[in-house]
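Here the structure comes first, spelled out in structure tokens, and everything after it is commentary.
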Amino acid sequence: MLFRSSELFVNGELVDHLAHELHVWRAKPKPVFIEARDGGFWLRGKPWKAHGVNYMPSSGIGLANGRHFEHWVGRGAYDPEVIERDLRRVKAMNLNSVSVFIYHESLGARHMLDFLRRCEALDLKVNLSLRPGTPMNFRWNEMREMIETLRLAQNDTMFAYDLAWEPRHEVRALQTDYATLWPAWVEKRYGNADTVREAWGVSEENFKFEISDLRSLPSPPMKWFTQDGPWRKLVADYRLFLDDLLREKYAEARRLVKSIDPHHPVSFRMQHAGDPTFNWDGFLPYDCYGLAEAVDIWEPEAYGRIGDWEKVKPGRFTADYARLCDPAKPVLWSEMGYTVWDIQQMEPAQTKLEFQARYFSDFYRMLTESGADGIFFWWYAGGYRLNEQSDYGIINPDGTDRPVTEIIRKAGTTFLNASKKRAKPDYWIAVDRKIGRASCRERV
């Protein structure tokens, strides 16, 4: 380690001094990587769970400079003293990992190497998101440059790649981005318009849908995805089309990453994927079924689970559905949290702080009962986030505990030590995705 220092003199008198550490990162002779296999994470041949938090530095809370907030790993925003203090507090909360992101434009600063070095010293693993873009329009040249420049393939402090941040099928995508892909898929599957009409049951008496020319076939209206009706087979086919599209795009992105880094699992933040209570016509969540051959980790988010235990409990279904699609992959909740900010009083509300603690306690119960392999809370820093008018922090701005902080310390230990034995099902649900039907029978 070396030091560089600068001194500022005014009229011969020292008025300011700045010292900065300089480090050289060298790869370990024999790095030990976390593996995602056999339905869980493994480290040195033993089961491992992620108990972490989405991290951005506490210096960014309330920051009006949007670029310094978003590009905190870049020049002008990265403060090693603040980050070292934050990471030590993360470690003191009984957390073993952090989830962070870096934009390609911040690569030149090389601050991510310093961040990874600090995490390694504290034995904190890193889930690293590479930005911008998603595998649907993968910016491979930029992704490759980040992986190779930071020598991530040799770094065992990092444990997984996050290649997309809450993507979903937007209405615009259905109408424009997929406008030629969908007709091509239908034509390949059915051959001609008459066969399509018969397969979908399209008629004047049943329901109307324009199929005059397969090459200009429209997408189904969004309300058909949220309301059952005679269009069920059409919607089931469209979902199969989306599955094939995801499988192609995301599998190719993973293949490219693995071609230069075979050691780290690849996945992304799946937002509402697998959420049994999501039924809105604003967008379509991705389906785990189409991702089974394209990712190494199941990563749902939990914003649909905010509430009491009855609201949290369906998270068990999300985990089980993901394992239905591929039981070999670990289940890692990439985000869960609750904002405690009272916008009227402009301060955290005591009732919300108390609810946050209860909610986290219930969520730990769900993690344990479902045999989850990890959690990343949203997020670390407490305080008013200016651009979102929220406070999702799990610690006070001055580093003191919130009610939820103690829950994380205590319940986290129980979660980390719990076995992954899951409760037996009460019901079996048989699903035929080709026709959009499900049947349920009670376990005997």
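Some observations on this one:
- Calculated FRET value between D326 and V10, using beta carbons and R₀ = 45 Å, to 0.05: 0.10
- The dipole here belongs to the range 166-270: it is taken about the Cα centre, uses +1 on the Cβ of Lys and Arg and -1 on the Cβ of Asp and Glu, and is about 400 debye.
- A cut-off of 5 Å between modelled amide H atoms, ignoring neighbours fewer than 5 places along the same chain, links Y286 with H169, H272, A273.
- For H51, the amide hydrogen comes within under 5 Å of the amide hydrogens of N96, S97, I375, counting only partners 5 or more places away or on other chains and with H modelled in the peptide plane.
- Average projected area [Cα convex hull, the range 175-255], square nanometres: 5.7 nm²
- Computed over the range 243-320: relative contact order in percent, which uses C-alpha pairs under 8 Å that are six or more apart: 39 percent
- For the chain, accessible area per residue (1.4 Å probe, heavy atoms of protein chains only), Å²: 49 Å²
- A dipole drawn for the range 235-316 from +1 and -1 charges on Cβ atoms has a positive end, and of Y286, F241, S267 the residue lying farthest that way is S267.
- Toward the positive end of the charge dipole of the chain, with +1 on the Cβ of Lys and Arg and -1 on the Cβ of Asp and Glu, the farthest Cα among H71, M346, N206 is that of N206.
- Under the convention that each Lys and Arg Cβ holds +1 and each Asp and Glu Cβ holds -1, the size of the dipole of the range 1-96 around its Cα centre is about 800 debye.
- Charged-residue dipole, Cβ positions (Lys, Arg, Asp, Glu), the chain about Cα centre, Debye nearest 20: 1440 debye
- With the simple model of a label 7 Å out from the Cα in the direction of the Cβ, E84 to R255 spans 4.6 nm.
- Using the Cβ-Cβ distance between K420 and K223 with R0 set to 60 Å, the FRET efficiency from 1/(1 + (r/R0)^6) comes to roughly 0.90.
- The chain: relative contact order as a whole-number percent, Cα under 8 Å and 6+ apart: 17 percent
- With all pairs of different C-alpha atoms in the average, the Kirkwood value for the hydrodynamic radius of the range 25-166 is 15.9 Å.
- All aspartates and glutamates inside 18 Å of K28 as judged from Cα atoms, apart from same-chain residues fewer than 8 positions distant: D114, E120, D123, E148, D156, D261
- Gain on full stretching of the segment that runs from D194 to K434 - 0.36 nm per residue minus C-alpha separation: 84.5 nm
- Backbone phi angles across the range 44-52, fed through the Karplus curve with coefficients 6.51, -1.76 and 1.60 (θ = phi - 60°), yield HN-Hα couplings of 6, x, 10, x, 9, 10, 7, 10, x Hz in residue order; Gly and Pro are listed as x.
- Phi-based couplings in Hz for the range 320-330 (Karplus 6.51, -1.76, 1.60; Gly and Pro marked x): 5, 5, 4, 5, 4, 5, 6, x, 7, 8, x
- Straight-line cross-link reach from K313 at under 30 Å between alpha-carbon atoms covers these lysines, not counting any fewer than eight positions away in the same chain: K46, K49, K91, K125, K223, K329, K352, K410, K420, K421, K424, K434.
- Nearest-ten-degree value, helix 350-370 long axis tilted from longest Cα axis of the chain: 60 degrees
- Applying the criteria of a DSSP loop state and at most 16 other Cβ atoms within 10 Å to the trypsin sites (Lys or Arg not before Pro) of the range 64-126 yields R75, R110.
- Among D114, D362, D16, the residue with the largest mean-square fluctuation in a Gaussian network model of the chain, with springs joining Cα atoms closer than 10 Å, is D16.
- Since only V24, Y364, L107 are under comparison, the one whose Cα sits farthest along the positive direction of the charge dipole of the chain, derived from C-beta charges on Lys, Arg, Asp and Glu, is Y364.
- Phi angles of the range 268-281 translate, via the Karplus equation with coefficients 6.51, -1.76, 1.60 and θ = phi - 60°, into HN-Hα couplings of 6, 6, 8, 6, 8, 4, x, 7, x, 9, 7, 8, 10, 8 Hz per residue; Gly and Pro are given as x.
- Using a Förster distance of 60 Å, the FRET efficiency for E388-E205 (Cβ separation, nearest 0.05): 0.75
- With respect to the chain, whose longest principal axis is taken over its alpha-carbon atoms, helix 232-260 is tilted by about 40°.
- Principal semi-axes in Å for the range 328-444 [√(5λ), Cα gyration tensor, largest first]: 35, 18, 13
- Of N206, N279, N96, the one that fluctuates the most in a GNM where the chain has Cα springs shorter than 10 Å: N206
- Placing pseudo-labels 7 Å out from each Cα toward the beta carbon at R151 and K410 gives an inter-label distance of 4.5 nm.
- Cα-based helix-to-principal-axis angle, 403-417 vs the chain, degrees rounded to 10: 70 degrees
- Convex hull volume per residue, computed on the Cα atoms of the chain, equals 178 Å³.
- Considering only the Cα atoms of the range 238-281, their convex hull presents on average a projected area of 4.1 nm².
- Its relative contact order, with pairs defined as Cα atoms under 8 Å and 6+ residues apart, puts the range 47-163 at 25 percent.
- Solvent-accessible area, 1.4 Å probe, carbon plus sulfur percent, for the chain: 49 percent
- Longest stretch of the chain clear of exposed loop sites (GluC sites (Glu not before Pro), DSSP loop, at most 11 other Cβ atoms within 10 Å, sites excluded): 1-203.
The values are calculated or read from the model by the stated rules, or taken from the named source; none is laboratory data. Just so you know, these numbers come straight off a predicted model, no measurement behind them. In this analysis, Cβ positions are derived from the backbone assuming ideal geometry, glycine residues included, and neighbour counts consider all displayed protein chains. To get the accessible areas, we keep the full protein, side chains included, count just its heavy atoms, and leave off ligands, DNA and RNA. Shrake-Rupley method; radii C 1.70, N 1.55, O 1.52, S 1.80 Å.
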